[in-house]
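Scroll down for the structure; my scribbles are underneath it.
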Amino acid sequence: MEKILLAHTRELCYYSGSFFLRKLTQALRTLGVEAEYISVPEERDWALLEERIGKSYDAVVDINSKLPYLLDGGTRLLDRMNAPFFNYILDHPLYHHPGLVFPLKDYHAIGIDREHCAYMWRYYPHLKSVTFLPVGATRAERLQPYGSRKIPLLFAGTYQDEDGIMEAFCELCKRLLPAERASDLQRLGEAVIERMLAGDGEREAVMERIVEELVTEDDLAEKRYGVSEFPLLMNELYHADQYVRNVRRRRVLEDAAKETELTVIGEGWEGTPLAENRRVSLLGAKKIGETFAYMADSRAVLDVNPLFASGVHDRVSSAMRNGALVLSDMSKDAAGGFTPGQTYLSYRSWEKGGIGEALAQTESAEAEAIAERGRRLAEKEYSWEAAAKRLLELIRRTNGKRM
């Protein structure tokens, strides 16, 4: 019997980090695994990890982890645990460069986007493996019949003020570089944003490709932007990712609200024009566990996630598992079984008014059938049980064991 330690060290939006790890722990236990969950988000709790040094684990797993930072007697704590460590990265890896860069003895990464996985393979050669593995989908306790659902269209996601993001980026440039170089970094960030927002196809938002085209090897060698390493430069440009994501979200939601009633879960929207729109209901922040009940009472769920060029967000698979019709701008090759017009409706978030055609289809006779096909797909392939089985297969391959 495998023994796996799931150590929660970093909380994510709406307490999703601990929620996901607990769900994964429960699913692993149903497979007969001795799965141990501990929560150590603060430094005062790290003694719980030290107590587990010397115990025998087949793997240690965390999400967007702080574990690689931790030292124990001058040695990385994870190296002393003598088990492969799997860092489950749920954002673009550029945000987690400080934790990915440590050359641990047995370091593995998991991504939810194939482009993110390729990025980690390229820029962190000390990683022993990088695996694409979507997060499990969560089902509410009760699903409402499709025809009697009360919410026509649901969106779940935070909004950050775009002007505030740019102000923060300008301040970062000034802190990192002298005045004459700070303007260079600022202009680079603005150019990246302009290219990403222009949009000319499904894969236009692969940020690293744009940065690679704009930055020369001489720029890095001369530290024009303050650093000589590409992944460190990407980390400095994280505001560009934030800016594009929030512009796209706001634009798509504003377009959607012109066509139908819209319910929004998440912080920050009260400061946008949506707050004055009578067709929009802003519910504010909800813990992630509460969100699924809203999905189960929604005919359609909107996914605005253009910066995952070749992946699938858990809001897509969870909305499907809760029987809602998904409208998504994800790439058509995001993951197996996600077929536009068959299991979800596709639109282009970079096109003005691009959501309109997809919204019109939510009123068609085929809408319920598409939602049902999506539900069956998510139930079979993207449940927490399916995710746990794939993770266990990965751990067994890593340790040279057969299923």
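The values are calculated or read from the model by the stated rules, or taken from the named source; none is laboratory data. Model, not experiment: these values are computed from the prediction. Note: ideal-geometry Cβ built from the backbone for every residue, glycine included; neighbour counts use all protein chains shown. All accessible areas refer to the heavy atoms of the entire protein, side chains included, with ligands and DNA or RNA removed. Shrake-Rupley method; radii C 1.70, N 1.55, O 1.52, S 1.80 Å.
Assorted remarks:
- All conditions but one from (1) among the aliphatic types (A, V, I, L, M); (2) in contact with a Phe, Trp or Tyr (Cβ under 9 Å, 6 or more places away or on another chain); (3) more than 25 Å from G226 (Cα to Cα); (4) open to solvent by less than 10 Å² (accessible area, probe 1.4 Å) apply to I151; the one that does not is (4).
- Residue that is farthest from R122 (Cα to Cα), among those in the range 243-274 that are assigned to a helix (DSSP H, G or I), touching a residue at least 24 places away in the same chain (Cβ under 8 Å) and open to solvent by 30 Å² or more (accessible area, probe 1.4 Å): G271
- Of all residues in the range 20-51, those being open to solvent by 40 Å² or more (accessible area, probe 1.4 Å), part of a helix (DSSP H, G or I) and in contact (Cβ under 8 Å) with a residue 24 or more places away in the chain number 4.
- Positions within the range 30-47 being farther than 20 Å from P84 by Cβ and out of contact with any Gly (no Cβ under 9 Å at 6 or more places or on another chain), in sequence order: T30, S39, E42, E43, R44, D45, W46, A47
- Pairs where the first residue, in the range 53-67, is without any contact (Cβ under 8 Å) to a residue 60 or more places away in the chain and the second is part of a strand (DSSP E or B) and not aliphatic (A, V, I, L, M), C-beta under 6 Å, 6+ apart: Y57/K3; V60/F85; I63/Y88; S65/N87
- Only a single criterion out of (1) surrounded by fewer than 19 Cβ atoms within 10 Å (Cβ to Cβ); (2) within 22 Å of H116 (Cα to Cα) is not satisfied by L188, namely (1).
- Where strands (runs of 3 or more DSSP E) fall wholly inside the range 58-137, the ranges with 3 or more residues that are open to solvent by 10 Å² or more (accessible area, probe 1.4 Å) are 129-132.
- The range 208-220: number of residues that are part of a helix (DSSP H, G or I) and either closer than 21 Å to L172 by Cβ or open to solvent by less than 80 Å² (accessible area, probe 1.4 Å) (or both): 7
- Contact annotation: residue pairs with Cβ atoms under 8 Å, 6 or more positions apart or on different chains, pairing a residue in the range 280-293 that is closer than 22 Å to A378 by Cα with a partner that is among the basic types (K, R), are F292/R139; A293/R142.
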